[in-house]
Amino acid sequence: MNLTKILSDGCTIYTSGTTGTPKEIRQTPAKLKAADEIAMKCQEITPDSKIYTICKTDHAGGLLAQTLPAVRIGAEVTIEPFNAFRFCREIKKYTHTHITPGHARLIMRTKGFKDLDMTGIWVTCGSDPIDWNIIESFVERGATFMANWGMTEIGPCAINHVFRTIEDVQELKDENTILGTNVYCETKVIDNELYVRGDICVYDDWFATGDLVEEREYAFYYLGRTDK
């Protein structure tokens, strides 16, 4: 995969298929540029950052969340297949990584996680609903943890929240999964379904996400999927 060429030409990514039949989604250069700028801003990615990519780069999370933004500004990127034990050994060499909740659970089961010091490391997590115990476990080990919501069609960093302390976690902890408090696109909620649009969306008009949400004061919480 020629990452530099993707910046100029765009690319086509398949959706994961977790919520239906996988679809081809075209990512234009303009959409990617807008998404990269937001990803860099909300994750504090700079040319001095060191990105550890363990998600597959043929899906949106692995390619778009941190890898492509880092390539755009010349930051260091290491791409490796995921291995939970290697992750615990290697993560201190890096400043940023993006994981799924499934990866997080496997990492948490390793013997080394109990004593792992992740101070100074930015962990972005998304793709599936994120359990609160995952957020707490990584923050307790010093990580800056960003719970992130996005889809192949929009984002990847569309709605998120950054947790830096356990107090941050306790302030927002709820029986439902958090989507976030920081919103980088236009949103509206119709019959609890989240609609989005903006420069980081592949569509010009409103996109019906199929995600059911509750908006409370300044936070979005995830309730489930529609039956569409």
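Pick from region 34-76 the residues that are β-branched (Val, Ile, Thr) and in contact (Cβ under 8 Å) with a residue 40 or more places away in the chain: which of them is farthest from Tyr184 (Cα to Cα)? Once the filter is applied, the top-ranked residue is Ile54.
Going through (1) assigned to a helix (DSSP H, G or I); (2) in contact (Cβ under 8 Å) with a residue 24 or more places away in the chain; (3) more than 23 Å from Cys185 (Cβ to Cβ) one by one, Met1 falls short only on (1).
Among the criteria (1) under 24 Å from Ile38 (Cα atoms); (2) surrounded by fewer than 15 Cβ atoms within 10 Å (Cβ to Cβ), the one Tyr94 does not fulfil is (2). Can you pull out the residues in region 106-136 that are open to solvent by 20 Å² or more (accessible area, probe 1.4 Å) and either of a type in the set (Gly, Ala, Ser) or in contact (Cβ under 8 Å) with a residue 60 or more places away in the chain (or both)? Gly112, Gly120, Ser127, Asp128, Pro129 - these are the residues of region 106-136 that are open to solvent by 20 Å² or more (accessible area, probe 1.4 Å) and either of a type in the set (Gly, Ala, Ser) or in contact (Cβ under 8 Å) with a residue 60 or more places away in the chain (or both). Of the residues in region 141-151, at least one is open to solvent by less than 10 Å² (accessible area, probe 1.4 Å), in contact with a strand residue (DSSP E or B) (Cβ under 6 Å, 6 or more places away or on another chain) and assigned to a loop (DSSP other than H, G, I, E, B). Scanning region 72-86 for residues that are under 21 Å from Ala39 (Cβ atoms) and open to solvent by less than 40 Å² (accessible area, probe 1.4 Å) yields Ala75, Thr78. Quick check: anything in region 22-35 more than 18 Å from Met151 (Cα to Cα), in a loop (DSSP other than H, G, I, E, B) and of a type in the set (Ser, Thr, Tyr)? No, region 22-35 contains no residue that is more than 18 Å from Met151 (Cα to Cα), in a loop (DSSP other than H, G, I, E, B) and of a type in the set (Ser, Thr, Tyr).
Residues satisfying the criterion are absent from region 205-212 (criterion: touching a helix residue (DSSP H, G or I) at 6+ places or on another chain (Cβ under 7 Å), at pLDDT 95 or above and surrounded by fewer than 20 Cβ atoms within 10 Å (Cβ to Cβ)). Among the residues making up region 180-204, a single one is free of Cβ contacts under 8 Å to residues at least 40 places away in the same chain, in a loop (DSSP other than H, G, I, E, B) and crowded, with 19+ Cβ neighbours inside 10 Å: Cys185. In region 70-80, the condition of being over 27 Å from Ile107 (Cα atoms) and assigned to a loop (DSSP other than H, G, I, E, B) is met by at least one residue. Can you find even one residue in region 167-179 that is within 18 Å of the chain's Cα centre (by Cα), open to solvent by less than 70 Å² (accessible area, probe 1.4 Å) and among the acidic types (Asp, Glu)? The answer is no, given that none of the residues of region 167-179 is within 18 Å of the chain's Cα centre (by Cα), open to solvent by less than 70 Å² (accessible area, probe 1.4 Å) and among the acidic types (Asp, Glu). Of everything in region 25-71 that is among the charged types (D, E, K, R) and more than 26 Å from Met118 (Cα to Cα), the residue that is least open to solvent (accessible area, probe 1.4 Å) is Lys31. Among residues of region 86-105 that are in contact (Cβ under 8 Å) with a residue 40 or more places away in the chain, those with a beta-carbon under 8 Å from a residue that is among the polar types (S, T, N, Q) and open to solvent by 40 Å² or more (accessible area, probe 1.4 Å) at least six positions away or on a different chain give the pairs Thr100/Ser127.
The values are calculated or read from the model by the stated rules, or taken from the named source; none is laboratory data. The structure displayed is predicted, hence computed values, not measured ones. Note: ideal-geometry Cβ built from the backbone for every residue, glycine included; neighbour counts use all protein chains shown. Quick note on the areas: whole protein, heavy atoms, side chains included, nothing else; ligands and nucleic acids left out. Shrake-Rupley method; radii C 1.70, N 1.55, O 1.52, S 1.80 Å.
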